[in-house]
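Below is one structure; the comments refer to it alone.
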């Protein structure tokens, strides 16, 4: 079949090859480069290579190739208990809100029709522990049947904890136990739960710097601005550990985004595209990974000041709307056009790249951006109409659909902008401070800022608009705590501190911007501002 050119287009493929070459590996179906691990088991020797490949893919969340590898191992050795465990595990996505218990159960039933039969056919106590754990998370045990995914995740974590306590030096037991801790914690992320996971996984990393699960799960453990620096060695290593796993290449950008390493964010997602495109045959529907990578790549490009490249990504996403786009694709498009509008401050972007008026775009980001743009155009009536359609939920990855609490914050932001447009300055500031307070109550979530216009940054913009430069500067600083090296917040800080007579702080912010925008579009005027005022 004809290989599909990925969404980023030929220019990006050429960019990756010319800028990076292929030192990070290549896709080789006969001998995938996925890392190294040791997983003692009772399967026969001929099935080992496929089984280990399956586990390696599993650790990088490459579920489909993992399933195919486990199926090959089953074909070679039909009595291989853990090959069926592995296939079942490909239908349990610990950190993603997706699980197919029916498919997982079907995989296990090929080995034995009941838990008792499977236990009798599984040769060792350790392997029976793995089997019982996956049965638990799929809702196939007396304790887990009929439970919610989160409840089953908690029960699964306890099963893996028991297995870990029995085999504390077993790297694979530890890796999957650590992941189970992250899985439960992802429902309501706290530093404590993620550090507990890191404590379990770090010894694996210390012993085996080529273990993909150790690198991957530690990146998740440290995936926030406070701890991201601890995950930098794992991110840098994971690129080379698993060059044939597209998700591994992208995953490194979680740490780079948290640290504001925008060149690395872009490079990671471009590499992910190359690997993903090599395994994807011609289709009219983008893969979930392509949509996901496009979102992160767009954000990285915007931060780099490569707005022309970002617009090209937006153009391609807009083109999907005319070619049978899925609900998830529409949702990603809505999030991307919002990102583009706010970071470029191109309030007329919907005239050029907006969706057809009758088309529903299932993400709150889209109507929020349209409402905001309408305020900027002075059309308050339209702004209110668009704001009435800002709804929680959506389709696609959880990174782009918003909760009721987040939508409440967006509504406050629109109300603040309408108040500002009407000259009601105190009301505008009050609403923004209320929005900030609500945001502070929400758990931190990784990646680009959850809201396409972060609350502290918008508070800073509002305060600058009414000439309150000192509190504006503090608002931008507050945003930069969670959004390290975010360029709009840095630019706001540079301008606010200059207006307030704090030239030193202004120079420091401009210097950071000048460094970030070292390869920005030649036409980017604000990059010239940063270079000039930053002393570059």
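Each value in this text was obtained by applying a stated rule to the coordinates, not by laboratory testing. Owing to the predicted nature of the structure, the values given are computational and were not obtained by experimental measurement. Heads up, the Cβs are rebuilt from the backbone with ideal geometry, glycines too, and the neighbour counts pull from every protein chain shown.
What shape does segment 188-274 take by its C-alpha gyration tensor, where a ≥ b ≥ c are the square roots of the eigenvalues and a/c under 1.5 counts as rounded, a/b above b/c as prolate, and the rest as oblate?
Numbers: a/c = 2.09, a/b = 1.27, b/c = 1.65.
Note, shape of segment 188-274 comes out oblate.
For segment 136-286, what is the relative contact order in percent, using Cα pairs closer than 8 Å and at least 6 residues apart in sequence? Write out the running numbers ahead of the final one.
Numbers: 189 pairs, mean separation 19.7, N = 151.
In percent, rounded to a whole number, it is 13.
Among 455-465, 310-320, 35-45, how do they line up by average Cβ neighbours within 10 Å per residue, starting with the highest?
Details: 455-465: 23.6, 310-320: 19.5, 35-45: 16.3.
Highest-to-lowest ranking by the protection proxy: 455-465, 310-320, 35-45.
Can you give the angle from 0 to 90° between the axis of helix 425-440 and the longest principal axis of the chain, with both taken from C-alpha atoms, to the nearest 10?
Value to nearest ten degrees: 10.
Could you give the angle, 0 to 90 degrees to the nearest 10, between helix 455-465's Cα long axis and the longest principal axis of the Cα atoms of the chain?
10
Could you work out the relative contact order of the chain, using alpha carbon pairs under 8 angstrom and six or more residues apart, expressed as a whole percent?
Working: 866 pairs, mean separation 58.5, N = 536.
Relative contact order, the chain: 11 percent.
Rounded to the nearest 500, what is the 222 nm mean residue ellipticity of the chain from helices alone, with -39500 (n - 2.57) per DSSP H run of 4+ residues and division by all residues? Mind showing how you got there, number by number?
Values: 27 runs with 351 residues, N = 536.
When only DSSP H runs of four or more count, the value is -21000 deg cm²/dmol.
Using a 10 Å cut-off around each Cβ, can you sort 292, 93 from fewest to most neighbouring Cβ atoms? Kindly include the intermediate steps, with their values, before the conclusion.
Details: 292 24, 93 15.
Starting with the residue having the fewest Cβ neighbours, the order is 93, 292.
If packing is taken as the average count of other Cβ atoms within 10 Å, what order do 248-258, 108-118, 474-484, 403-413 fall into, highest mean first? Each step should come with its number before you reach the end.
On the way: 248-258: 26.7, 108-118: 15.5, 474-484: 20.7, 403-413: 19.1.
Ranked from most to least packed, the peptides come out as 248-258, 474-484, 403-413, 108-118.
Tell me, how many Å apart are the Cα centres for segment 61-81 and for segment 456-487?
52
Pick the calculated mean projected area of the Cα convex hull in nm² for this structure from (1) 26.8; (2) 25.1; (3) 48.5?
The value matching this structure is (2).
So if I take the centroid of the Cα atoms in segment 119-168 and the same for segment 284-348, what is the distance between those two points in Å?
For segment 119-168 versus segment 284-348, the Cα centre distance is 40 Å.
Quick check for you: which residues of segment 185-224 have the amide N under 20 Å from the point 7 Å beyond the Cα of residue 405 toward its beta carbon?
185-195, 223-224
Compute the length gained on full extension between residue 124 and residue 145: take 0.36 nm times their separation in residues and subtract their Cα-Cα distance, giving the result in nm to one decimal.
5.1 nm
Mind sorting 271, 67 by how few other Cβ atoms lie within 10 Å of their own Cβ, fewest first? Intermediate results must be reported in sequence, preceding the final value.
On the way: 271 24, 67 21.
With the sparsest Cβ surroundings first, the list reads 67, 271.
Go through 130-140, 166-176 and give me the packing order, highest mean Cβ count within 10 Å leading.
Numbers: 130-140: 23.9, 166-176: 18.8.
Peptide ranking by packing, descending: 130-140, 166-176.
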